[in-house]
Amino acid sequence: MTVSVESRLGKPPPEEVIRLAGRASADAVDFDRLYHAHFRSLTIQLAAYFGDFSQAQDLVQEAFCRAFARWGKVSRYDDPVAWVRRVAWNLATSRWRRLRTAQSYLRRQREEQVPGPNPDRVVLTRALAALPPNHRRVVVLHHLADLSVTEIAQQEDVPEGTVKTWLHRGRAALAAQLAPQNEVTDHA
């Protein structure tokens, strides 16, 4: 049944609408009274338990929202406030557990603080960076990875003589870069 707005103007609403509206407003009044009478005391209780007043307000608000969504059933309980209190406490416990789990996870993910490289390592890294890529790769594989000349030749797919040449040139370039600058040579 469709009723246009123009045809209902100036006429009272049907009896069924009045009856449903009256019932809904009575439920709303009861809920409003319950909310206003108990919101603050429940918030204080949860704040004492949870240690955070704003979190407690959020939890109690959420509990009342859940009660409002189920008000037809909750309003018939002997003590609707007890239901709201239980829901709020359960929400607080759940939030506390989630927080504890998150903190535990973060503690396990904490990065270790490693001291920075010493000055010698910085100088060596800069010197290696200045080498041509083939020389640098052979020096690193031989001296840091402890690979033999034969193993490096197989890995790089070049003859052993080439690896020896690159290794010699890389060492010479490193020696030139790492030599002390203030060294006095004696030409007598």
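Below are the figures for this structure:
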| item | result |
| --- | --- |
| Residues that are surrounded by 17 or more Cβ atoms within 10 Å (Cβ to Cβ) and not in a helix (DSSP H, G or I), drawn from the range 146-155 | LEU147 |
| Complete set of residues in the range 91-145 that are under 12 Å from GLY170 (Cβ atoms), in a helix (DSSP H, G or I) and not aliphatic (A, V, I, L, M) | PRO133, ASN134, HIS135, ARG136, ARG137, HIS142, HIS143 |
| Subset of the range 125-165 (residues that are aliphatic (A, V, I, L, M), touching a Phe, Trp or Tyr at 6+ places or on another chain (Cβ under 9 Å) and touching a residue at least 24 places away in the same chain (Cβ under 8 Å)) | VAL138, VAL139 |
| Test: residue in the range 156-163 that is within 39 Å of the chain's Cα centre (by Cα) and either in a helix (DSSP H, G or I) or within 30 Å of PHE50 (Cα to Cα) (or both) | no |
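Values in this text are rule-based calculations from the coordinates and carry no lab data. The structure displayed is predicted, hence computed values, not measured ones. Ideal geometry is used to build each Cβ from the backbone, glycine not excepted, and the neighbour counts take in all protein chains shown.
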